[in-house]
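The values are calculated or read from the model by the stated rules, or taken from the named source; none is laboratory data. Predicted model only: the values in this text are computed from it and were never measured. Using ideal geometry, Cβ is built from the backbone for each residue, glycine included, and neighbour counts are taken over all protein chains shown. Calculation scope for accessible area: heavy atoms of the full protein, side chains included, ligands and nucleic acids excluded. Shrake-Rupley method; radii C 1.70, N 1.55, O 1.52, S 1.80 Å.
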Amino acid sequence: MTSGTPLLPSGPGGGVGNLPDGGLRARLGRYSLLPLRVFLGITFVYAGIDKLTDSAFLSSSGNGSLGDLMRSVKGSAGVPALVDFALHSPVGFGYALAIGELLVGLGTLLGVFGRVAALGGAVISFCLWLTVSWSATPYYYGNDLVYLMAWLPLLLAGAPYLSFDSFRSGRRRAVFRNGAFGNTWKR
């Protein structure tokens with residue numbers, strides 16, 4: 001292949017193949033993060049609700065409690081100080097984790113402050129990786145690292161389509177475009 005030769009032939013209208021600019025490929029690319037957003041949103045909403053409705057999890061001790069889970073991973077955690085932090089008040093930490101997961105999930109699904117929600121999901125996944133999943137061998141058996149990596153594209157891109165953020169952003173642009181602030185903004 002010589003330099004300057006396109007990898008795919010350009011079709012009419014400058015698009016790739018027979019697709020014009022803004023064709024099917026562009027549309028699919030635009031919405032490519034939507035399945036990830038839906039998956040992570042539903043998963044985190046489910047995880048939050050599951051924790052809030054599980055009385056055993058929201059206990060300091062006992063089978064299935066967050067307290068016992070934290071005590072069992074303390075010796076193998078990547079950052080034992082995070083485990084100690086959770087053990088100061090396992091019930092309070094359990095509620096904070098569950099509500100955090102619920103809010104992150106809802107924010108991701110609805111696209112409300114999408115980047116903030118993705119950051120919250122990434123922080124939760126990172127902390128769980130450093131504590132609960134740290135001892136997984138080989139490392140890729142620990143699912144929290146995979147969740148952390150899945151949050152990163154949403155952290156970078158936000159929720160630009162089919163979201164409250166895009167609706168709010170579009171309304172803001174329309175206000176400036178239509179001159180709601182007088183002719184100062186128009187040229």
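With respect to the conditions (1) touching a residue at least 12 places away in the same chain (Cβ under 8 Å); (2) of a type in the set (Val, Ile, Thr); (3) open to solvent by 60 Å² or more (accessible area, probe 1.4 Å), Ile124 lacks only one, and its number is (3). Would you check if Ala98 is outside any loop (DSSP other than H, G, I, E, B), at pLDDT below 95 and over 12 Å from the mean Cα position of the chain (by Cα)? No; evaluated as a whole, the condition is false for this residue. Look at Asp144 and say whether it is at pLDDT below 95 and closer than 24 Å to Ser32 by Cα. Judged against the criteria, Asp144 is a match.
When Arg171 is tested against (1) open to solvent by 80 Å² or more (accessible area, probe 1.4 Å); (2) at pLDDT 95 or above, only condition (2) is not met.
Looking only at residues in the stretch 136-158 that are touching a residue at least 60 places away in the same chain (Cβ under 8 Å) and within 10 Å of the chain's Cα centre (by Cα), which one is surrounded by the most Cβ atoms within 10 Å (Cβ to Cβ)? Per the criteria, the residue is Trp151.
Restricting the first member to the stretch 87-111 and to residues that are under 25 Å from Tyr161 (Cβ atoms), and the second to residues that are surrounded by fewer than 19 Cβ atoms within 10 Å (Cβ to Cβ) and of a type in the set (S, T, N, Q), the beta-carbon pairs closer than 8 Å and six or more apart or on different chains are Gly105/Thr43; Gly111/Ser166.
Might you check whether a residue that is of a type outside the set (D, E, K, R), part of a helix (DSSP H, G or I) and without any contact (Cβ under 8 Å) to a residue 60 or more places away in the chain occurs anywhere in the stretch 52-61? The answer is yes; a qualifying residue exists. The condition (being closer than 26 Å to Arg115 by Cβ, touching a Ser or Thr at 6+ places or on another chain (Cβ under 7 Å) and either at pLDDT 95 or above or of a type outside the set (Phe, Trp, Tyr) (or both)) is satisfied by just one residue among Leu40, Leu52, Leu33: Leu40. Residues in the stretch 80-95 that are loosely packed, with under 15 Cβ neighbours inside 10 Å and in a helix (DSSP H, G or I): Ala81, Asp84, Phe85, His88, Val91, Gly92. Which ones in the stretch 117-135 are over 9 Å from the mean Cα position of the chain (by Cα) and in a helix (DSSP H, G or I)? Once the filter is applied, which keeps residues that are over 9 Å from the mean Cα position of the chain (by Cα) and in a helix (DSSP H, G or I), the stretch 117-135 yields Val123, Ile124, Ser125, Phe126, Cys127, Leu128, Trp129, Leu130, Thr131.
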